[in-house]
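The values are calculated or read from the model by the stated rules, or taken from the named source; none is laboratory data. Bear in mind that the values here come from a model prediction, so they are computed numbers and not experimental data. Because the Cβ atoms are built from the backbone with ideal geometry, glycine has one as well, and the counts that use them run over all protein chains shown.
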């Protein structure tokens with residue numbers, strides 16, 4: 001009985017090792033296919049998608065080059081509780097007079113275009 005159990009466990013052990021190698025090879029092949037699929041998707045879908053988005057932004061920027069949004073004096077925007085520590089104290093650090101209004105409106109001399 002013990003001899004039969006020993007032979008059976010040896011057979012099962014070898015078949016388990018063979019099965020493990022087969023699963024390992026299948027997983028490696030599947031991983032290679034998955035990597036190839038993602039590489040193809042990157043070059044065929046993702047990169048052209050990014051290029052189309054960049055083109056769209058560029059064309060929209062060219063179309064609305066000199067337009068600036070209408071000033072609406074909302075109470076919850078452009079709140080100044082204390083002066084900024086630079087310049088005259090009312091302009092933000094990266095102030096652009098063409099697109100960034102002050103609390104009371106756009107600067108008239110900033111619209112030279």
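How many residues does segment 58-76 contain that are more than 28 Å from the chain's Cα centre (by Cα) and loosely packed, with under 11 Cβ neighbours inside 10 Å?
Counting residues in segment 58-76 that are more than 28 Å from the chain's Cα centre (by Cα) and loosely packed, with under 11 Cβ neighbours inside 10 Å gives 8.
Quick test for you: out of 87, 110, pick the one residue that is modelled with pLDDT under 85, surrounded by 10 or more Cβ atoms within 10 Å (Cβ to Cβ) and not in a helix (DSSP H, G or I).
110
Residues 40, 11: which one is at pLDDT 90 or above and surrounded by 10 or more Cβ atoms within 10 Å (Cβ to Cβ)?
40
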